[in-house]
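Visitor: Shown below is the structure under consideration.
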Amino acid sequence: QVQLVESGGGLVQPGGSLRLSCAASGFTFSSHAMRWYRQALGKERELVAHISNAGNYINYADSVKGRFTISRDNARNTVYLQMNSLKPEDTAVYYCMVFGMNDWGKGTLVTVSS
C-alpha cells in the first residue's frame with residue numbers, strides 16, 4: 001500500500017531554514033505528481049506546493065513563493081521541500097501527498113519561534 005514518511009521538521013528561529021523530505025513507497029513514484037500541504041493549529045489544511053511527475057511543472061501558494069522550493073528525486077522515491085526565510089506563520093504540521101490519491105503520512109512538525 002501507499003506509504004509516505006515525512007521528516008526534517010523541527011524548531012527554527014525566524015529567518016532560518018529547514019529541508020523537509022518525504023520518502024514514498026507502494027506505488028510508481030515517477031508516474032505521479034506530488035504535493036506538500038500544511039496544517040496550522042486550529043486551521044484547515046492548505047496546499048503549499050505541487051510538482052509534476054517529471055519535475056517540470058511546479059507551483060506554490062502565494063504565501064510561500066520566493067521562499068520555498070519543492071523538488072523530487074525519482075531515483076530515491078523522495079520529494080523535498082526547502083524552506084528558507086521562515087516566518088512564525090509557517091508553523092504547522094507539514095504533509096506530503098500523492099496527487100490524485102487520498103493517502104497521507106503522519107506529517108512533520110515545523111515550529112518557527114524565537
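The values are calculated or read from the model by the stated rules, or taken from the named source; none is laboratory data. Computed from a predicted structure; not experimentally measured. Note: ideal-geometry Cβ built from the backbone for every residue, glycine included; neighbour counts use all protein chains shown. With ligands, DNA and RNA removed, areas are computed over all heavy atoms of the protein, side chains included. Shrake-Rupley method; radii C 1.70, N 1.55, O 1.52, S 1.80 Å.
Visitor: Residue by residue through the stretch 60-105, note down the ones that are at pLDDT below 95 and touching an Asp or Glu at 6+ places or on another chain (Cβ under 7 Å).
Guide: The answer is Gly105, and nothing else.
Visitor: Tally up the residues in the stretch 18-75 that are charged (D, E, K, R) and closer than 11 Å to Val98 by Cα, please. Break it down stepwise before answering.
Guide: Keep residues of the stretch 18-75 that are charged (D, E, K, R), which gives 19, 35, 38, 43-46, 62, 65, 67, 72-73.
Checking which are closer than 11 Å to Val98 by Cα leaves us with 35.
Looking only at that region, the number is 1.
Visitor: For the stretch 81-108: of the residues being farther than 30 Å from Ser31 by Cβ and either touching a residue at least 60 places away in the same chain (Cβ under 8 Å) or within 11 Å of the chain's Cα centre (by Cα) (or both), which is surrounded by the most Cβ atoms within 10 Å (Cβ to Cβ)? It would help to see each step written out before you state the result.
Guide: As a first pass, look at the stretch 81-108 and keep what is farther than 30 Å from Ser31 by Cβ: 85-91.
Then drop every residue that is not either touching a residue at least 60 places away in the same chain (Cβ under 8 Å) or within 11 Å of the chain's Cα centre (by Cα) (or both), which leaves 85-88.
On the way: Ser85: 13, Leu86: 22, Lys87: 13, Pro88: 11.
Of everything passing the filter in the stretch 81-108, Leu86 is surrounded by the most Cβ atoms within 10 Å (Cβ to Cβ).
Listed here are the residues, each with its yes/no results for (1) open to solvent by less than 20 Å² (accessible area, probe 1.4 Å); (2) of a type in the set (S, T, N, Q).
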{"position": "Ser25", "(1), (2)": "no, yes"}
{"position": "Gln39", "(1), (2)": "no, yes"}
{"position": "Val48", "(1), (2)": "yes, no"}
{"position": "Ser52", "(1), (2)": "yes, yes"}
{"position": "Asp62", "(1), (2)": "no, no"}
